[in-house]
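Below: one structure in C-alpha coordinates.
The values are calculated or read from the model by the stated rules, or taken from the named source; none is laboratory data. The structure displayed is predicted, hence computed values, not measured ones. Here the Cβ positions follow ideal geometry from the backbone for every residue, glycine too, while neighbour counts run over all protein chains shown. With ligands, DNA and RNA removed, areas are computed over all heavy atoms of the protein, side chains included. Shrake-Rupley method; radii C 1.70, N 1.55, O 1.52, S 1.80 Å.
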Amino acid sequence: MSSIDQQQEMTQAETAAFFGRELLGWYDVVKRKLPWRINRDPYRVWVSEIMLQQTRVDTVIPYYERFMQRFPTVQALAEAPEEDVLKHWEGLGYYSRARNLQAGAREVVERYRGIVPDDAASVASLKGVGPYTAGAIMSIAFNRPEPAVDGNVMRVLSRFWLLEDDIAKPATRVKIEKLARSIIPEGRAGDFNQALMELGALVCTPKSPGCLTCPVMEHCAGRLAGREAELPIKTKAKPPRPEWRLGVVVEGSGEHAGRVLVRQRPDTGLLARMWELPHVLVPKDAEKRLRSGSKGAGGKEEAASEQEQASLADQLARMLHEEAGLLIRPLRHWTKAEHVFSHIHWHMDVFEADMPSHVSEASSAAPSDSGSAELGLVAETNGSYAGGGGELPAGYAWIGPEAMDTLAFPNLFLKLLQQHWGIKGRG
DNA sequence: AAGTCGGGGAG
DNA sequence: CTCCCAGACTT
(Lines give C-alpha, C1' and ligand atoms only; values in the text may rest on other atoms or scores of the structure.)
Protein backbone atom coordinates (compact mmCIF):
# COMPACT_ATOMS: atom_id res chain seq x y z
CA MET A 1 0.00 0.00 0.00
CA SER A 2 0.98 3.57 -0.35
CA SER A 3 3.18 4.85 2.38
CA ILE A 4 1.58 8.27 2.47
CA ASP A 5 -0.51 7.50 5.53
CA GLN A 6 2.35 5.85 7.32
CA GLN A 7 4.63 8.76 6.67
CA GLN A 8 2.17 11.42 7.76
CA GLU A 9 0.78 9.68 10.79
CA MET A 10 2.99 9.85 13.82
CA THR A 11 2.68 7.79 16.91
CA GLN A 12 2.32 9.56 20.22
CA ALA A 13 5.91 8.62 21.01
CA GLU A 14 7.17 10.05 17.74
CA THR A 15 5.24 13.26 18.26
CA ALA A 16 6.61 13.54 21.78
CA ALA A 17 10.15 12.98 20.52
CA PHE A 18 9.69 15.71 17.92
CA PHE A 19 8.21 18.06 20.49
CA GLY A 20 11.02 17.57 23.01
CA ARG A 21 13.79 17.78 20.44
CA GLU A 22 12.56 20.96 18.77
CA LEU A 23 11.54 22.63 22.00
CA LEU A 24 14.90 22.00 23.66
CA GLY A 25 16.77 23.15 20.56
CA TRP A 26 14.77 26.34 20.57
CA TYR A 27 15.23 26.86 24.32
CA ASP A 28 18.99 26.42 24.14
CA VAL A 29 19.10 29.38 21.76
CA VAL A 30 16.55 31.82 23.14
CA LYS A 31 16.39 31.16 26.87
CA ARG A 32 16.42 34.32 28.96
CA LYS A 33 19.10 35.09 31.49
CA LEU A 34 17.24 35.29 34.75
CA PRO A 35 18.67 35.76 38.23
CA TRP A 36 17.46 32.35 39.43
CA ARG A 37 19.23 30.66 36.51
CA ILE A 38 22.78 31.55 37.48
CA ASN A 39 23.09 28.16 39.18
CA ARG A 40 20.94 25.26 40.38
CA ASP A 41 21.03 25.97 44.10
CA PRO A 42 17.78 24.31 45.27
CA TYR A 43 17.10 27.16 47.71
CA ARG A 44 17.41 29.76 44.96
CA VAL A 45 15.13 27.72 42.71
CA TRP A 46 12.67 27.27 45.55
CA VAL A 47 12.45 30.97 46.34
CA SER A 48 12.04 31.86 42.68
CA GLU A 49 9.25 29.36 42.16
CA ILE A 50 7.30 30.61 45.15
CA MET A 51 7.63 34.21 44.00
CA LEU A 52 6.65 33.26 40.46
CA GLN A 53 3.35 31.74 41.57
CA GLN A 54 0.70 33.81 39.80
CA THR A 55 3.29 36.53 39.30
CA ARG A 56 5.10 37.65 36.16
CA VAL A 57 8.82 37.31 35.67
CA ASP A 58 9.37 41.05 35.27
CA THR A 59 7.54 41.74 38.51
CA VAL A 60 9.49 39.12 40.44
CA ILE A 61 13.04 40.02 39.39
CA PRO A 62 13.61 43.04 41.66
CA TYR A 63 11.92 41.30 44.59
CA TYR A 64 14.04 38.22 44.04
CA GLU A 65 17.27 40.21 43.97
CA ARG A 66 16.48 41.99 47.22
CA PHE A 67 15.19 38.86 48.91
CA MET A 68 18.27 36.77 48.06
CA GLN A 69 20.53 39.56 49.17
CA ARG A 70 18.85 39.71 52.56
CA PHE A 71 18.19 35.94 52.90
CA PRO A 72 21.00 34.23 50.93
CA THR A 73 20.56 30.78 52.48
CA VAL A 74 17.91 28.54 53.97
CA GLN A 75 19.44 29.25 57.38
CA ALA A 76 19.28 33.01 56.92
CA LEU A 77 15.61 32.82 56.02
CA ALA A 78 14.81 30.41 58.83
CA GLU A 79 16.43 32.65 61.45
CA ALA A 80 14.91 35.94 60.27
CA PRO A 81 12.03 37.68 62.04
CA GLU A 82 8.79 37.08 60.17
CA GLU A 83 8.12 40.79 59.88
CA ASP A 84 11.41 41.14 58.06
CA VAL A 85 10.34 38.49 55.56
CA LEU A 86 6.95 40.11 55.07
CA LYS A 87 8.59 43.46 54.54
CA HIS A 88 10.64 42.03 51.70
CA TRP A 89 7.42 40.62 50.23
CA GLU A 90 5.60 43.94 50.51
CA GLY A 91 3.69 44.72 47.31
CA LEU A 92 4.18 41.28 45.79
CA GLY A 93 0.82 39.95 46.97
CA TYR A 94 -0.35 36.55 48.21
CA TYR A 95 1.50 37.13 51.44
CA SER A 96 0.89 33.65 52.80
CA ARG A 97 3.52 32.61 50.27
CA ALA A 98 6.12 34.49 52.31
CA ARG A 99 5.04 33.03 55.64
CA ASN A 100 4.79 29.52 54.19
CA LEU A 101 8.18 29.86 52.55
CA GLN A 102 9.78 30.76 55.83
CA ALA A 103 7.95 27.93 57.55
CA GLY A 104 9.32 25.63 54.87
CA ALA A 105 12.83 26.96 55.40
CA ARG A 106 12.53 26.23 59.11
CA GLU A 107 11.37 22.70 58.30
CA VAL A 108 14.40 22.17 56.10
CA VAL A 109 16.73 23.43 58.82
CA GLU A 110 15.16 21.28 61.49
CA ARG A 111 14.47 18.08 59.57
CA TYR A 112 17.12 18.09 56.88
CA ARG A 113 19.95 20.06 58.49
CA GLY A 114 19.43 22.97 56.16
CA ILE A 115 19.78 20.94 52.98
CA VAL A 116 16.82 20.85 50.59
CA PRO A 117 16.23 17.11 50.15
CA ASP A 118 16.65 15.53 46.73
CA ASP A 119 13.37 13.69 47.21
CA ALA A 120 10.04 14.47 45.59
CA ALA A 121 7.83 13.46 48.49
CA SER A 122 9.89 15.41 51.00
CA VAL A 123 9.92 18.54 48.87
CA ALA A 124 6.21 18.25 48.15
CA SER A 125 5.48 18.12 51.86
CA LEU A 126 7.07 21.51 52.52
CA LYS A 127 4.67 24.29 53.45
CA GLY A 128 3.59 26.28 50.42
CA VAL A 129 4.96 23.74 47.96
CA GLY A 130 2.21 22.24 45.81
CA PRO A 131 2.30 19.94 42.78
CA TYR A 132 3.68 22.56 40.40
CA THR A 133 6.39 23.91 42.69
CA ALA A 134 7.48 20.45 43.81
CA GLY A 135 7.91 19.42 40.19
CA ALA A 136 9.74 22.63 39.36
CA ILE A 137 12.21 22.23 42.22
CA MET A 138 12.82 18.55 41.56
CA SER A 139 13.34 19.03 37.84
CA ILE A 140 15.22 22.34 37.78
CA ALA A 141 17.40 21.88 40.85
CA PHE A 142 17.90 18.09 40.71
CA ASN A 143 17.01 17.27 37.10
CA ARG A 144 14.51 14.68 38.26
CA PRO A 145 11.90 13.71 35.63
CA GLU A 146 8.93 15.32 37.39
CA PRO A 147 6.28 17.39 35.57
CA ALA A 148 5.84 21.06 36.47
CA VAL A 149 2.45 22.04 35.12
CA ASP A 150 1.52 25.68 35.48
CA GLY A 151 -0.76 27.90 33.41
CA ASN A 152 1.79 28.19 30.62
CA VAL A 153 2.22 24.44 30.33
CA MET A 154 -1.53 23.80 30.32
CA ARG A 155 -1.95 26.32 27.54
CA VAL A 156 0.93 24.99 25.42
CA LEU A 157 -0.03 21.35 25.78
CA SER A 158 -3.74 22.06 25.30
CA ARG A 159 -2.92 23.65 21.97
CA PHE A 160 -0.27 21.22 20.79
CA TRP A 161 -2.34 18.16 21.60
CA LEU A 162 -5.68 19.87 21.03
CA LEU A 163 -6.98 19.06 24.50
CA GLU A 164 -10.44 20.45 25.06
CA ASP A 165 -10.57 19.90 28.81
CA ASP A 166 -11.45 22.92 30.93
CA ILE A 167 -8.14 24.00 32.45
CA ALA A 168 -10.02 25.75 35.27
CA LYS A 169 -10.91 22.33 36.67
CA PRO A 170 -8.42 20.67 39.05
CA ALA A 171 -8.87 17.32 37.29
CA THR A 172 -7.50 18.79 34.08
CA ARG A 173 -4.20 19.70 35.71
CA VAL A 174 -3.87 16.11 36.90
CA LYS A 175 -4.50 14.82 33.39
CA ILE A 176 -1.99 17.21 31.83
CA GLU A 177 0.57 16.29 34.48
CA LYS A 178 0.39 12.70 33.32
CA LEU A 179 0.91 13.77 29.74
CA ALA A 180 3.75 16.13 30.70
CA ARG A 181 5.49 13.42 32.70
CA SER A 182 5.31 11.06 29.74
CA ILE A 183 7.06 13.41 27.31
CA ILE A 184 10.05 14.54 29.40
CA PRO A 185 13.18 13.96 27.28
CA GLU A 186 15.73 11.64 28.84
CA GLY A 187 18.12 13.48 31.12
CA ARG A 188 16.78 16.96 30.45
CA ALA A 189 13.81 17.37 32.76
CA GLY A 190 14.86 20.77 34.11
CA ASP A 191 15.49 22.33 30.72
CA PHE A 192 12.37 20.75 29.26
CA ASN A 193 10.06 22.09 31.94
CA GLN A 194 11.58 25.54 31.73
CA ALA A 195 11.43 25.43 27.94
CA LEU A 196 7.75 24.59 28.10
CA MET A 197 7.10 27.62 30.29
CA GLU A 198 9.41 29.82 28.27
CA LEU A 199 7.47 28.92 25.13
CA GLY A 200 4.21 29.77 26.85
CA ALA A 201 5.57 33.08 28.05
CA LEU A 202 7.29 34.20 24.84
CA VAL A 203 5.53 32.50 21.91
CA CYS A 204 2.47 30.47 22.79
CA THR A 205 0.90 33.42 24.58
CA PRO A 206 -2.72 33.59 25.72
CA LYS A 207 -3.81 36.01 23.00
CA SER A 208 -2.56 35.97 19.42
CA PRO A 209 0.07 33.26 19.82
CA GLY A 210 3.17 33.63 17.66
CA CYS A 211 2.77 30.39 15.75
CA LEU A 212 5.00 31.58 12.91
CA THR A 213 8.01 31.60 15.22
CA CYS A 214 7.03 28.50 17.17
CA PRO A 215 9.55 25.65 17.05
CA VAL A 216 6.82 22.98 17.17
CA MET A 217 4.16 24.58 15.00
CA GLU A 218 4.65 21.96 12.31
CA HIS A 219 2.90 19.31 14.39
CA CYS A 220 0.74 21.46 16.64
CA ALA A 221 -2.73 19.90 16.50
CA GLY A 222 -4.41 23.08 17.65
CA ARG A 223 -2.71 25.12 14.97
CA LEU A 224 -3.28 22.49 12.25
CA ALA A 225 -6.98 22.57 13.14
CA GLY A 226 -6.95 26.35 12.99
CA ARG A 227 -8.13 26.41 16.60
CA GLU A 228 -5.10 27.75 18.45
CA ALA A 229 -6.91 30.96 19.32
CA GLU A 230 -9.79 29.19 21.06
CA LEU A 231 -7.52 27.02 23.18
CA PRO A 232 -7.15 26.36 25.98
CA ILE A 233 -10.75 26.13 27.09
CA LYS A 234 -11.27 27.84 30.42
CA THR A 235 -14.49 28.75 32.20
CA LYS A 236 -14.76 32.29 33.41
CA ALA A 237 -14.16 33.16 37.04
CA LYS A 238 -16.88 34.74 39.11
CA PRO A 239 -16.57 38.51 39.37
CA PRO A 240 -15.39 39.83 42.75
CA ARG A 241 -18.13 40.79 45.16
CA PRO A 242 -18.31 44.49 45.96
CA GLU A 243 -17.61 45.79 49.45
CA TRP A 244 -17.97 49.39 50.56
CA ARG A 245 -15.52 50.42 53.24
CA LEU A 246 -14.74 53.55 55.18
CA GLY A 247 -11.10 54.18 55.99
CA VAL A 248 -9.37 56.89 57.96
CA VAL A 249 -6.06 58.65 58.27
CA VAL A 250 -5.94 59.64 61.92
CA GLU A 251 -3.29 62.29 62.39
CA GLY A 252 -1.53 62.29 65.73
CA SER A 253 -1.09 65.38 67.84
CA GLY A 254 1.23 66.33 70.66
CA GLU A 255 3.92 63.75 71.03
CA HIS A 256 2.50 61.90 68.04
CA ALA A 257 2.42 64.89 65.71
CA GLY A 258 3.31 63.94 62.16
CA ARG A 259 2.36 60.35 62.76
CA VAL A 260 -0.63 58.34 61.62
CA LEU A 261 -2.66 55.62 63.31
CA VAL A 262 -2.22 52.16 61.82
CA ARG A 263 -3.11 48.66 62.91
CA GLN A 264 -1.98 45.11 62.26
CA ARG A 265 -4.36 42.64 60.65
CA PRO A 266 -5.23 39.26 62.22
CA ASP A 267 -2.97 36.20 61.95
CA THR A 268 -5.11 34.53 59.30
CA GLY A 269 -7.21 35.45 56.33
CA LEU A 270 -6.95 38.33 53.91
CA LEU A 271 -3.66 40.23 54.15
CA ALA A 272 -2.80 38.29 57.30
CA ARG A 273 -0.44 40.10 59.71
CA MET A 274 -0.01 43.03 57.36
CA TRP A 275 -0.39 46.62 58.56
CA GLU A 276 -3.13 48.92 57.35
CA LEU A 277 -5.07 52.09 57.96
CA PRO A 278 -8.10 51.58 60.17
CA HIS A 279 -11.25 50.93 58.18
CA VAL A 280 -14.71 49.45 58.63
CA LEU A 281 -17.10 47.53 56.43
CA VAL A 282 -20.28 49.38 55.64
CA PRO A 283 -23.08 46.97 56.51
CA LYS A 284 -24.94 45.72 53.50
CA ASP A 285 -28.23 47.17 54.66
CA ALA A 286 -26.60 50.58 54.97
CA GLU A 287 -24.97 50.67 51.58
CA LYS A 288 -27.82 52.33 49.76
CA ARG A 289 -28.27 54.89 52.47
CA LEU A 290 -24.62 55.76 52.94
CA ARG A 291 -22.87 54.95 49.72
CA SER A 292 -21.28 57.84 47.90
CA GLY A 293 -20.14 57.88 44.32
CA SER A 294 -23.16 55.86 43.32
CA LYS A 295 -24.24 55.74 39.77
CA GLY A 296 -26.87 58.24 38.78
CA ALA A 297 -29.61 57.71 36.28
CA GLY A 298 -27.29 58.43 33.41
CA GLY A 299 -24.70 55.94 34.65
CA LYS A 300 -22.29 58.66 35.66
CA GLU A 301 -20.49 58.91 38.96
CA GLU A 302 -22.13 61.32 41.33
CA ALA A 303 -19.98 63.07 43.87
CA ALA A 304 -21.13 62.57 47.42
CA SER A 305 -22.81 65.59 48.89
CA GLU A 306 -21.53 67.26 52.03
CA GLN A 307 -24.36 65.68 53.97
CA GLU A 308 -23.59 62.24 52.62
CA GLN A 309 -19.91 62.57 53.48
CA ALA A 310 -20.77 63.73 56.97
CA SER A 311 -23.08 60.78 57.37
CA LEU A 312 -20.34 58.43 56.23
CA ALA A 313 -17.88 60.03 58.62
CA ASP A 314 -20.33 59.63 61.47
CA GLN A 315 -20.84 55.98 60.60
CA LEU A 316 -17.07 55.47 60.46
CA ALA A 317 -16.50 57.01 63.87
CA ARG A 318 -19.31 55.03 65.43
CA MET A 319 -18.20 51.71 64.00
CA LEU A 320 -14.56 52.24 64.87
CA HIS A 321 -15.61 52.95 68.41
CA GLU A 322 -17.81 49.90 68.62
CA GLU A 323 -15.27 47.56 67.06
CA ALA A 324 -12.03 48.84 68.59
CA GLY A 325 -12.97 51.28 71.33
CA LEU A 326 -11.37 54.03 69.34
CA LEU A 327 -12.57 57.62 69.63
CA ILE A 328 -11.74 59.62 66.55
CA ARG A 329 -12.91 62.97 65.23
CA PRO A 330 -13.47 62.98 61.48
CA LEU A 331 -12.40 66.24 59.90
CA ARG A 332 -13.02 65.89 56.19
CA HIS A 333 -13.38 63.47 53.33
CA TRP A 334 -9.91 62.96 51.87
CA THR A 335 -10.01 60.59 48.91
CA LYS A 336 -11.54 57.51 47.41
CA ALA A 337 -9.62 54.30 46.85
CA GLU A 338 -10.54 51.33 44.70
CA HIS A 339 -8.85 48.01 45.20
CA VAL A 340 -9.65 44.73 43.49
CA PHE A 341 -8.72 41.37 44.90
CA SER A 342 -9.56 38.25 42.93
CA HIS A 343 -12.68 37.72 45.01
CA ILE A 344 -13.47 41.12 46.58
CA HIS A 345 -13.76 44.62 45.14
CA TRP A 346 -13.20 47.32 47.74
CA HIS A 347 -14.76 50.72 47.26
CA MET A 348 -13.20 52.79 50.00
CA ASP A 349 -13.91 56.33 51.12
CA VAL A 350 -11.00 57.62 53.14
CA PHE A 351 -11.43 60.38 55.69
CA GLU A 352 -8.98 62.49 57.63
CA ALA A 353 -9.46 62.63 61.37
CA ASP A 354 -7.69 63.40 64.61
CA MET A 355 -7.87 62.23 68.18
CA PRO A 356 -8.04 65.34 70.29
CA SER A 357 -6.08 63.70 73.09
CA HIS A 358 -5.18 60.62 71.08
CA VAL A 359 -7.55 58.67 73.18
CA SER A 360 -8.76 55.17 72.97
CA GLU A 361 -11.14 53.95 75.61
CA ALA A 362 -12.70 50.59 75.29
CA SER A 363 -15.42 51.23 77.84
CA SER A 364 -16.35 54.75 76.94
CA ALA A 365 -19.73 55.74 75.65
CA ALA A 366 -20.38 55.63 71.96
CA PRO A 367 -20.05 58.89 70.09
CA SER A 368 -23.32 60.72 70.00
CA ASP A 369 -25.54 59.67 67.19
CA SER A 370 -27.59 62.73 66.68
CA GLY A 371 -28.14 62.03 63.06
CA SER A 372 -26.61 65.40 62.48
CA ALA A 373 -24.95 65.95 59.16
CA GLU A 374 -22.32 68.04 60.82
CA LEU A 375 -18.73 66.89 61.15
CA GLY A 376 -16.77 67.22 64.31
CA LEU A 377 -19.31 66.26 66.92
CA VAL A 378 -18.01 62.85 67.83
CA ALA A 379 -15.36 63.76 70.36
CA GLU A 380 -17.57 63.46 73.40
CA THR A 381 -15.50 62.72 76.43
CA ASN A 382 -16.56 60.65 79.34
CA GLY A 383 -13.75 61.64 81.60
CA SER A 384 -12.36 58.15 81.90
CA TYR A 385 -9.50 58.28 79.49
CA ALA A 386 -5.97 59.17 80.43
CA GLY A 387 -5.33 62.74 79.48
CA GLY A 388 -2.03 62.89 77.64
CA GLY A 389 -0.83 59.32 77.50
CA GLY A 390 -3.77 57.68 75.85
CA GLU A 391 -3.22 54.02 75.16
CA LEU A 392 -4.20 52.40 71.95
CA PRO A 393 -6.17 49.22 71.48
CA ALA A 394 -4.18 46.05 70.88
CA GLY A 395 -2.71 45.96 67.42
CA TYR A 396 -2.83 49.72 66.91
CA ALA A 397 0.18 52.02 66.70
CA TRP A 398 1.28 55.49 65.73
CA ILE A 399 3.82 55.54 62.95
CA GLY A 400 5.72 58.16 61.04
CA PRO A 401 7.35 57.92 57.61
CA GLU A 402 10.53 56.48 59.10
CA ALA A 403 8.65 53.44 60.43
CA MET A 404 7.75 52.46 56.91
CA ASP A 405 11.11 50.71 56.76
CA THR A 406 10.02 48.02 59.17
CA LEU A 407 6.27 47.52 58.89
CA ALA A 408 4.80 45.71 55.89
CA PHE A 409 1.77 47.26 54.22
CA PRO A 410 -0.24 45.93 51.30
CA ASN A 411 0.06 48.18 48.28
CA LEU A 412 -3.33 49.75 48.74
CA PHE A 413 -2.40 51.26 52.10
CA LEU A 414 1.21 51.82 51.17
CA LYS A 415 0.10 54.14 48.41
CA LEU A 416 -2.35 55.97 50.63
CA LEU A 417 0.33 56.57 53.27
CA GLN A 418 2.85 57.69 50.69
CA GLN A 419 0.26 60.05 49.29
CA HIS A 420 -0.48 61.38 52.76
CA TRP A 421 3.15 62.12 53.47
CA GLY A 422 4.05 63.16 49.95
CA ILE A 423 6.53 60.32 49.51
CA LYS A 424 7.39 58.74 46.22
CA GLY A 425 7.07 54.98 45.75
CA ARG A 426 10.05 52.70 45.60
CA GLY A 427 11.93 52.49 42.36
C1' DA B 1 -15.26 21.15 43.28
C1' DA B 2 -15.48 25.68 44.87
C1' DG B 3 -13.81 29.46 47.52
C1' DT B 4 -9.90 32.16 49.51
C1' DC B 5 -5.69 34.50 48.82
C1' DG B 6 -2.71 40.38 45.72
C1' DG B 7 -1.31 42.98 42.40
C1' DG B 8 -0.21 44.41 37.99
C1' DG B 9 0.71 44.09 32.91
C1' DA B 10 -1.12 43.39 28.31
C1' DG B 11 -4.47 43.94 24.74
C1' DC C 1 -12.85 47.05 30.39
C1' DT C 2 -11.04 41.49 30.45
C1' DC C 3 -7.73 38.10 31.01
C1' DC C 4 -4.20 35.88 33.47
C1' DC C 5 0.13 35.37 35.31
C1' DA C 6 6.25 29.59 36.62
C1' DG C 7 -0.58 28.17 42.25
C1' DA C 8 -1.46 26.63 47.16
C1' DC C 9 -4.51 25.93 50.77
C1' DT C 10 -9.00 25.33 52.97
C1' DT C 11 -13.54 23.65 53.23
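Straight-line reach only, C-alpha to C-alpha below 16 angstrom: list the aspartates and glutamates that A:LYS207 could link to, leaving out same-chain residues fewer than 8 apart.
Answer for A:LYS207, where 16 Å is the Cα cut-off: A:GLU198, A:GLU228, A:GLU230, listed by chain and number.
Report, to the nearest whole %, how much of the accessible area of chain A belongs to carbon and sulfur atoms, 1.4 Å probe, protein only. Please report the intermediate quantities before stating the final value.
Values: 10790 of 21430 Å².
In chain A, the share of accessible area belonging to carbon and sulfur is 50 percent.
Report, in deg cm²/dmol and to the nearest 500, the calculated mean residue ellipticity at 222 nm for chain A, where each DSSP H run with n ≥ 4 adds -39500 (n - 2.57) and the sum is divided by the residue count. Spell out each step's value before the answer.
Working: 16 runs with 171 residues, N = 427.
My calculation for chain A gives -12000 deg cm²/dmol from helical runs alone.
Leaving ligands and nucleic acids out of the surface, order A:TYR396, A:TYR94 by accessible area at 1.4 Å, largest first. Kindly include the intermediate steps, with their values, before the conclusion.
On the way: A:TYR396 35, A:TYR94 125 Å².
The most accessible residue leads, giving A:TYR94, A:TYR396.
If you fit an axis through the alpha-carbon atoms of helix A:42-51 and take the longest principal axis of the Cα set of chain A, what angle between them do you get, 0 to 90°, nearest 10?
60 degrees
When the Karplus curve 6.51 cos²θ - 1.76 cosθ + 1.60 is applied with θ = phi - 60°, which whole-Hz ³J(HN,Hα) does each residue of the stretch A:190-196 get, with x for Gly and Pro?
x, 5, 5, 5, 5, 5, 4
Distance cut-off 26 Å, Cα to Cα: go down the list A:LYS127/A:LYS169; A:LYS31/A:LYS234; A:LYS127/A:LYS234; A:LYS33/A:LYS415 and report the pairs above it. Present the calculation step by step, with values, prior to reporting the outcome.
Details: A:LYS127/A:LYS169 23 Å; A:LYS31/A:LYS234 28 Å; A:LYS127/A:LYS234 28 Å; A:LYS33/A:LYS415 32 Å.
The answer is A:LYS31/A:LYS234; A:LYS127/A:LYS234; A:LYS33/A:LYS415.
Hey, what's chain A come to in accessible area per residue, 1.4 Å probe, Å²? All intermediate terms of the calculation are to be shown ahead of the outcome.
Values: 21430 Å² over 427 residues.
For chain A, the solvent-accessible area averages 50 Å² per residue.
Restrict the search to the stretch A:105-147; then list the trypsin sites (Lys or Arg not before Pro) that DSSP places in a loop and that have at most 10 other Cβ atoms within 10 Å of their Cβ. Provide the component values of the computation, followed by the final result.
Numbers: sites: A:ARG106, A:ARG111, A:ARG113, A:LYS127; in loops: A:ARG113, A:LYS127.
Hits after loop and neighbour filter: A:ARG113.
As I understand it, the dipole of chain A uses +1 on the Cβ of Lys and Arg and -1 on the Cβ of Asp and Glu, about the Cα centre. Which of A:TRP36, A:TYR396, A:PHE18 lies farthest toward its positive end?
Of the listed residues, the answer is A:PHE18.
Describe numerically, in nm with one decimal, the distance between label points set 7 Å from Cα along Cα→Cβ at A:LYS336 and at A:GLU230.
Computed distance between label sites A:LYS336 and A:GLU230 equals 4.0 nm.
Return the long-range amide H neighbours of A:ILE233 (sequence gap of 5 or more, or a different chain), with a cut-off of under 5 Å between placed amide H atoms.
It is A:ILE167, by chain and number.
Moving to a separate point now. Can you list the residues, at least 5 places off or on another chain, whose amide H is less than 5 Å from the amide H of A:MET274, using H built in the peptide plane?
A:ARG265
Hey, another quick one. Arrange the residues A:HIS279, A:HIS88 by how much accessible surface each exposes, largest first, with a 1.4 angstrom probe. Intermediate values should be presented prior to the final figure.
Working: A:HIS279 5, A:HIS88 40 Å².
Order by accessible area, largest first: A:HIS88, A:HIS279.
While we're looking at this one, here's another question. Under a 5 Å amide H to amide H cut-off, with H placed in plane at 1.01 Å, what residues pair with A:ARG259 once short-range neighbours are removed?
The list, which skips near neighbours in sequence, is A:GLY252.
For the stretch A:49-73, list residues with backbone N below 16 Å from a point placed 7 Å from the Cα of A:ASP84 toward its Cβ?
A:66-73
Tabulate in residue order the Karplus-calculated ³J(HN,Hα) for the stretch A:345-355, using 6.51 cos²θ - 1.76 cosθ + 1.60 with θ = phi - 60°, rounded to whole Hz; enter x for Gly and Pro.
10, 8, 10, 10, 9, 10, 10, 9, 8, 9, 10
So which residue, out of A:THR172, A:THR235, A:THR406, gets the largest mean-square fluctuation from a GNM of chain A using Cα contacts under 10 Å as springs?
A:THR235
Expressed as a whole number of Å, what is the distance separating the alpha-carbon centroids of the stretch A:82-96 and the stretch A:158-175?
Rounded to whole Å, the Cα centres lie 32 Å apart.
Quick one: divide the alpha-carbon radius of gyration of chain A by 2.2 N^0.38 Å and tell me what you get.
Details: Rg = 27.3 Å, N = 427, 2.2 N^0.38 = 22.0 Å.
Relative to the 2.2 N^0.38 Å estimate, chain A comes out at 1.24.
Now a separate question. What list of ³J(HN,Hα) couplings, whole Hz, do you get for the stretch A:77-87 from phi and the Karplus terms 6.51, -1.76, 1.60, once you set θ to phi - 60° and write x for glycine and proline?
5, 5, 7, 6, x, 4, 5, 5, 5, 4, 4
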